[in-house]
Number of protein chains: 2
Amino acid sequence: MFSRLLDNVYIMDTGTVCGILEHQGPLGMYFDKYYQDYYCHEKTFEKAERRMLRDSLDICLKKIDMQESDIDLYLGSDLMNQNTTVHYLARDLTKPFIGVYGACSSFTLTLALGSMLIEGGFANKIMTMVSSHNATAERQYRYPVEYGIQKKNMSTFTATAGVSTCIANMKTSIRIDAFTLGRVIDYGQTDPNDMGRAMAPAAFDTFTNHMRDLKRSVDDYDLIVTGDLSHYGLKIFKEMLKQENIDTSNIHDCGCLLYDASKQNVFQGGSGCGCSALVTMGYLYSLLKEKKLKHVLVIATGALLSPIMTAQKESIPSIAHAVSLEVVE
Amino acid sequence: MFSRLLDNVYIMDTGTVCGILEHQGPLGMYFDKYYQDYYCHEKTFEKAERRMLRDSLDICLKKIDMQESDIDLYLGSDLMNQNTTVHYLARDLTKPFIGVYGACSSFTLTLALGSMLIEGGFANKIMTMVSSHNATAERQYRYPVEYGIQKKNMSTFTATAGVSTCIANMKTSIRIDAFTLGRVIDYGQTDPNDMGRAMAPAAFDTFTNHMRDLKRSVDDYDLIVTGDLSHYGLKIFKEMLKQENIDTSNIHDCGCLLYDASKQNVFQGGSGCGCSALVTMGYLYSLLKEKKLKHVLVIATGALLSPIMTAQKESIPSIAHAVSLEVVE
């Protein structure tokens, strides 16, 4: 389908900023910075999300000892209509910007796209930026949190996070060795409170194409994570794999890893582009740097729903893009 | 900044579909198909926009004698929240899809991005798709047209159009010889009814970077068009150029060309990603094929505003991306 191997794309470093629930969750210690409340010292949730993403950029730039203007190109995405967070943040940047949109799959979409531009010789250093915020996403896709609407059991919980990741053609200890771009899949699911079920077939499609295109199997990876299927969606995804006799013991989901769903009130688990980005660039990146993991596949999933089309009784299109991260020996 | 020359990217062909006003305008004869009303035989405006884009894809595929599955990758964008038109359309496609968002600049953004992926060897044939629809855009960004709200004089009129363009590494008579990616520019304009003024500085920035990066001048082009500054915005853009002693006689705007603003009730002229796409791939592409033009620069402009940020009294970020089209001798 559309999988490509890469020779020369490395992760320079990352900045990860999260909210209080993500900090209190099982992976909290792996994130660079957290805020105690959803406002992050700002007056609105939208500005709070922007501040988190800006913090993550500053943290990443500091780690790689670079200025904003040392980056050739910025690639960004968030869940707000018209990529509000990244576009309004990009006013502060002096370098070109490309906005992409793949809903919660945007994290791996920006990495795959950036990797092609670096491998193709069009840029040396690219910063990818993604964010999501529980209160901004709830307002836009469902109801403002202040309404206190009762959530359905199959719901997921949008992660509050800003994550910036610098990729470059300069050798580091971790590289992006391959990626697979996904196609839009729709199995006819119409319930916007059950994203896991809508997205699982997209994850399965991209997983299958990745393995077939690159002649790889689950055995080639220490760990395979999906983006934000969460508990219910992950179960469906694993059932689809089992029907193909694929071993699912190394397969997990970022939405399940980010929170402790038994103690934290997050329903089926985490979602949002901040979810897969936090888990990958906080937790998994640390394990890769320590060589506790050597080869990881991240399949970020996205439900491309539009509330206006849901109102017109249309089903929910979904997509998944995958990137493979490898420790450089 | 971020301009690159290209060696091996050609335009295979295009499909252009428009609404009644665009058909009745001065360039109407250049478009492949038009619909008599805003519903296009569908029940909602959103589905009408999708049908126009689907038609444009089918027309383009027929011209190049290919099936949907012969294309390696689809790149798409529209103005609806979450790229509704292209994402819901992409459910019909069996090939990978990347959604981008640059508001009305998305037309050249998809071409520039697709060009890099072809030139970088990642794909042979890429279909870029953009659409806009007056009634869907008015509802989302301003008021539903049924309300009959009086429009302000500085307003532009969103074009109703779907345009698909196939680019490839196979030689044809017209190639994309260069592009410049834009950065996000904000001069503090806060009035969402006056996009031309918000976007003119972004057009100027990209114009300046393009000429400086590639050591080109206005004399290198037969024609330079901006995307959708329309009459008022074009005037500002030209004034900025004149201050730099740049000859503006070859500079026009797609929003001014698409309609006859003196006869058609379109205020300052056309806008929307369908505007620059229609004018470029309908009108200018025809002139290039007939060799009446040899070298054209298209600087599509985009106002990256979010109504929710306008309500929070923030100014409007803008961006412009440029592509250069050249007749192959």
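Below are the figures for this structure:
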{"quantity": "Relative contact order, percent, the stretch B:144-227 [alpha-carbon distance under 8 Å, six or more residues apart]", "calculated": "29 percent"}
{"quantity": "Cα-based radius of gyration of the protein assembly as shown once divided by 2.2 N^0.38 Å, which approximates compact folds", "calculated": "0.89"}
{"quantity": "Within 10 Å of each Cβ in A:178-185, the average number of Cβ atoms from other chains", "calculated": "5"}
{"quantity": "Euclidean distance between Cα centres, the stretch B:167-187 to the stretch B:250-302, Å", "calculated": "16 Å"}
{"quantity": "Net lengthening on full extension, A:Asp58/A:Lys151 (0.36 nm per residue, minus Cα-Cα)", "calculated": "30.0 nm"}
{"quantity": "Rounded if a/c under 1.5, otherwise prolate or oblate - the stretch B:144-210, Cα gyration tensor axes", "calculated": "oblate"}
{"quantity": "Calculated label separations, B:Val328, copies of the chain, 7 Å along the beta-carbon direction, nm", "calculated": "3.7"}
{"quantity": "Solvent-accessible surface (1.4 angstrom probe) belonging to A:Glu326, in square angstrom, nearest 10", "calculated": "50 Å²"}
{"quantity": "Separation of alpha-carbon centers, the stretch A:116-143 and the stretch B:19-51, rounded to whole Å", "calculated": "33 Å"}
{"quantity": "DSSP-defined beta bridges in the protein assembly as shown - what % are antiparallel, rounded to 5", "calculated": "65 percent"}
{"quantity": "Neighbourhood net charge (11 Å Cβ-Cβ; Lys/Arg +1, Asp/Glu -1) for A:Thr94", "calculated": "-1"}
{"quantity": "FRET E, pair A:Lys171, B:Asp65, Förster distance 51 Å, beta-carbon r, rounded to 0.05", "calculated": "0.65"}
{"quantity": "Label geometry 7 Å along the beta-carbon vector: A:Lys289 inter-copy distances in nm", "calculated": "5.5"}
{"quantity": "Net charge dipole size for the protein assembly as shown [Lys, Arg +1 and Asp, Glu -1 on Cβ; Debye, nearest 20]", "calculated": "440 debye"}
{"quantity": "Partner lysines for B:Lys125 [C-alpha distance under 22 Å; skip if fewer than 8 residues away on the same chain]", "calculated": "B:Lys62, B:Lys63, B:Lys95, B:Lys171, B:Lys289"}
{"quantity": "Rounded accessible area of B:Asp72 (nearest 10 Å², 1.4 Å probe)", "calculated": "40 Å²"}
{"quantity": "Scattering profile of chain A at q = 0.07, 0.16 Å⁻¹ [log10 I(q)/I(0), Debye over alpha-carbon scatterers]", "calculated": "-0.24, -1.38"}
{"quantity": "Sites A:Ile246 and A:Thr94, calculated FRET efficiency, Cβ-Cβ separation with R0 41 Å, nearest 0.05", "calculated": "0.30"}
{"quantity": "Residue closest to axis [chain B; rotation mapping onto A; Cβ; Å]", "calculated": "B:Gly120, 1"}
{"quantity": "Cβ-vector label at 7 Å, A:Asp222, separations to other copies in nm", "calculated": "5.9"}
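The values are calculated or read from the model by the stated rules, or taken from the named source; none is laboratory data. Values in this document were obtained by computation on a predicted structure and should not be read as measured data. Here the Cβ is made from the backbone with ideal geometry for all residues, glycine too, and neighbour counts use every protein chain on show. To get the accessible areas, we keep the full protein, side chains included, count just its heavy atoms, and leave off ligands, DNA and RNA. Shrake-Rupley method; radii C 1.70, N 1.55, O 1.52, S 1.80 Å.
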